[in-house]
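Read the structure below first, then the notes.
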Amino acid sequence: MNSLERILAALQNQPTDRPAFFLNASLYGARLTGASLDDHYTQAAVYAEGQMAIRETFGPDLLISPFFVPAIGEAFGSPWRARPEQAPNVVKFVARTAEDMLKLPLPDVDSHPRLMYLRETIRILAKHYAGQVPVFGVLVSAMDIPPLVIGLEAWLDALLFQPAVAQALLDRLTPFFVALAKAMLSDGATGLALTANLANGFIVTDTVAETLTLPALRQSLTDLPGPVIFHHGGCPLVDQLARFKGLPHVVAYVLDVDEDLGAARRALGPGPIVMGNLNGPGLLHLRPDEVQAKCELAFAQRGEDRQFILATCSADIQIDTPPDSIAAITEAVCRAGGVEA
């Protein structure tokens, strides 16, 4: 059974040879290839080589385009920087307010160099793993773009106190998000993985979510011609699943660190895949036997649920994580399925 068959079986609630698993290892590929982070995050072929190394070394069942959120910020004009051993971050916001952002031109999804870098990684990986391994394009939804351009504080100010301006900006950003998402799917992405933090009650009020951000999210997802993995984005998700269940085209939900997998299934009901709930950055501080114990706890929580993918969540697996601690995840899923690692 190959990885694509394994994921499709999970979607269809069918048995598999072993549990599927995913590693948020966008950054870690640079360690395996020895590439500089500047090259890793600017040259599509270099990044793709890193994902191929992840696949060859650890065998995860899904691969991803760069987990490089600042690339969207750069497309609007906000510069980023990659530190020697850390994923890139926006270092300066190009605009100060939502009103200022409304005046910025929208990036062209077919020509902007940074967006083309993201798309080209998908093309390379999708061609290489066609029919074998799903490749997902990583994005932030429309309501999560402004924090990359004006900062979170300025965007919250608009959502809370200038709802008309916030709505105008969402109306402008939603078609951009949809265009980029459709482009990634046309490039060969199996589906998309995205966040919607500014629709989560952990960050915004119910009024903001119900009147502004959730309607924009539903509209953008309705217009997508492919499956979506909904990522918690650093916010607790289980208590929010009643809000997010049933979103158009969403086939899986990635939980936050240590959230209860069984509780998520009870909240969602049958159908969508539950993904989680290993602390990717936390692998740095765990021995292989401790990692395997975390995996076994996750398997115990999911019980007999076939619609489950063991996954690291939170941020990227850190670049200085010992390989043996990551390989312990591979060994755990293979042992759970009674197959060789």
- request: Would you mind working out the magnitude of the charge dipole of the chain relative to its Cα centre, with +1 at each Lys and Arg C-beta and -1 at each Asp and Glu C-beta, to the nearest 20 Debye?
  value: 480
Those GluC sites (Glu not before Pro) in the stretch 243-341 that DSSP places in a loop and that have at most 16 other beta carbons within 10 Å: 304, 340
statement: Counting only protein heavy atoms and rolling a 1.4 Å probe, one gets per residue an accessible area for the chain in Å² of 40
- prompt: Given the stretch 116-260, what whole percent of its Cα pairs are spread farther than 20 Å?
  reply: 48
message: Charges at C-beta only: +1 for Lys and Arg, -1 for Asp and Glu. How large is the resulting dipole of the stretch 177-324 about its Cα centre, in Debye rounded to 20?
response: 520
task: With a 10 Å radius around each residue's Cβ, average the other Cβ atoms per peptide and rank 21-33, 1-13, highest first.
output: 21-33, 1-13
task: Calculate for the chain the 222 nm mean residue ellipticity that helices alone would give, adding -39,500 (n - 2.57) per DSSP H run of length 4 or more and normalising by residue count, nearest 500 deg cm²/dmol.
output: -12500 deg cm²/dmol
- prompt: Which of the GluC sites (Glu not before Pro) found in the stretch 74-155 are loop residues per DSSP with 15 or fewer other Cβ atoms within 10 Å of their Cβ?
  reply: 85
query: To the nearest 20 debye, what is the magnitude of the charge dipole of the stretch 1-135 about its Cα centre, counting +1 on the Cβ of each Lys and Arg and -1 on the Cβ of each Asp and Glu?
result: 160
query: When each pair of different Cα atoms in the stretch 1-143 is counted once in the 1/r mean, what is the Kirkwood radius in angstroms, to one decimal?
result: 16.5
Global form of the stretch 183-258, assessed from the alpha-carbon gyration tensor, a/c cut-off 1.5: oblate
field: Dimensions in Å of the stretch 220-341 - Rg and Dmax from alpha carbons
entry: 14.9, 45
message: So if I take the alpha carbon set of the chain, get Rg, then get Rh from the Kirkwood formula, what is the Rg over Rh ratio?
response: 0.95
- prompt: Among the lysines, which have Cα under 26 Å from the Cα of residue 182 when same-chain residues fewer than 8 positions away are ignored?
  reply: 103, 127, 245
field: the chain - percent of accessible surface contributed by carbon and sulfur, probe 1.4 Å
entry: 52
message: So if I average 1/r over every pair of distinct C-alpha atoms in the stretch 23-86 and take the inverse, what Kirkwood radius in Å does that give?
response: 12.1
- line: Along the stretch 55-72, Karplus-curve 3J(HN,Hα) (6.51, -1.76, 1.60; θ = phi - 60°) to the nearest Hz, with x for Gly and Pro, reads 4, 5, 7, 10, x, x, 8, 9, 10, 9, 5, x, 7, 9, 4, x, 4, 5
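The values are calculated or read from the model by the stated rules, or taken from the named source; none is laboratory data. Nothing here was measured: the structure is a model prediction, and the numbers come from that model. For neighbour counting, all protein chains shown are included, and Cβ atoms are generated from backbone atoms with ideal geometry for every residue, glycine included. Each accessible area value is taken on the protein alone, full model and side chains, heavy atoms only, with ligands, DNA and RNA left out. Shrake-Rupley method; radii C 1.70, N 1.55, O 1.52, S 1.80 Å.
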